[in-house]
Amino acid sequence: MAFAKDRDIAVIEPTVFRDLIWMGQVITRGDCVVYGTTLEASGVPSPDFIEGPVSPGNVVHVSGSLGATYEITGVDGANMMRISRIRDLASGPELVAPEQISPPLPFVIATFTPQVEWVHGQLLEMLGLRRETVDDVTRLPESCVKNPDELVRLEVYGALQLVYSAAAGLSSAAPQMLAKASQWRRAFQDERQRVAARIDTDGDGAADVIRRFNVGQLVR
């Protein structure tokens, strides 16, 4: 499982869920009202929030003059979810939407999970680890990483590099997109030098080895 979620991308680059939503994978969309920390769809969207599936850590962008980007903190039904303004930490208290949104405005829930998961796989390779679903007794599984929160930014920077690089080939604003991709590539390289993974090699629950991301460059 990846270290980062969509809400972690929104902490660093919230506009990507507004400006480059077409680069993401749309889970569902429709019209909604927002009050407090609740978003209620007008009718039941297809697919609905349960079928989507929508889950905590996803991000919803509401369009219009009162619209904004929110992180999803819970799903209460097929057309109702709990939301928060983007928080620094997912463990923090939910932040109420600044204004009630009514009448309904368009919303879309899109995810950059494919990009995040691709970067996650590359990071595991750099660490000499494997995904939990891979049967390889010669490598430790990803669950042996005991400081995943410290690696979130690295994964986000890599995902943003992929998003902007791909967008450059499909957008009329290619120079700006390439500049953003370069910015996030540099951020990824700097963060790769700064952080390290703490690994539990003997299964006792405590990290006993530090591994750094010494090699590798994201190329796709």
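The values are calculated or read from the model by the stated rules, or taken from the named source; none is laboratory data. Being a predicted model, the structure only gives us computed values, none of them experimental. Reconstructed Cβ throughout: ideal geometry from the backbone, glycine too, with neighbour counts over all protein chains shown.
Please pick out the residue among Leu140, Leu151, Leu178, Leu170 that is over 21 Å from Phe17 (Cβ atoms) and more than 18 Å from the chain's Cα centre (by Cα). Give the steps one after another, and end with the answer.
Numbers: Leu151 fails: more than 18 Å from the chain's Cα centre (by Cα); Leu178 fails: over 21 Å from Phe17 (Cβ atoms); Leu170 fails: over 21 Å from Phe17 (Cβ atoms).
Among Leu140, Leu151, Leu178, Leu170, only Leu140 is over 21 Å from Phe17 (Cβ atoms) and more than 18 Å from the chain's Cα centre (by Cα).
What helices (runs of 4 or more DSSP H) completely inside segment 107-220 contain at least 2 residues that are under 30 Å from Met80 (Cα atoms)?
Details: elements: 113-127, 152-168, 174-194.
Those helices (runs of 4 or more DSSP H) span 113-127, 152-168.
Quick one: is Ser182 in the same structural domain as Leu123 (by TED's automatic domain parsing), under 15 Å from Leu123 (Cβ atoms), hydroxyl-bearing (Ser, Thr, Tyr) and without any contact (Cβ under 8 Å) to a residue 24 or more places away in the chain? Let's see the steps before the verdict.
On the way: in the same structural domain as Leu123 (by TED's automatic domain parsing): yes; under 15 Å from Leu123 (Cβ atoms): no; hydroxyl-bearing (Ser, Thr, Tyr): yes; without any contact (Cβ under 8 Å) to a residue 24 or more places away in the chain: yes.
So Ser182 fails the test.
In segment 1-30, what residues are surrounded by 21 or more Cβ atoms within 10 Å (Cβ to Cβ) and within 17 Å of Leu170 (Cα to Cα)?
Residues satisfying the conditions are Val16, Phe17, Leu20, Gly24.
Out of (1) at pLDDT below 95; (2) surrounded by fewer than 18 Cβ atoms within 10 Å (Cβ to Cβ), what's the single condition that is false for Pro45?
The number of the failed condition is (2).
Could you pull out the residue among Gln100, Gln115 that is in contact with a helix residue (DSSP H, G or I) (Cβ under 7 Å, 6 or more places away or on another chain), of a type outside the set (Lys, Arg) and either modelled with pLDDT of 95 or more or surrounded by fewer than 16 Cβ atoms within 10 Å (Cβ to Cβ) (or both)?
After applying the criteria, what remains is Gln115.
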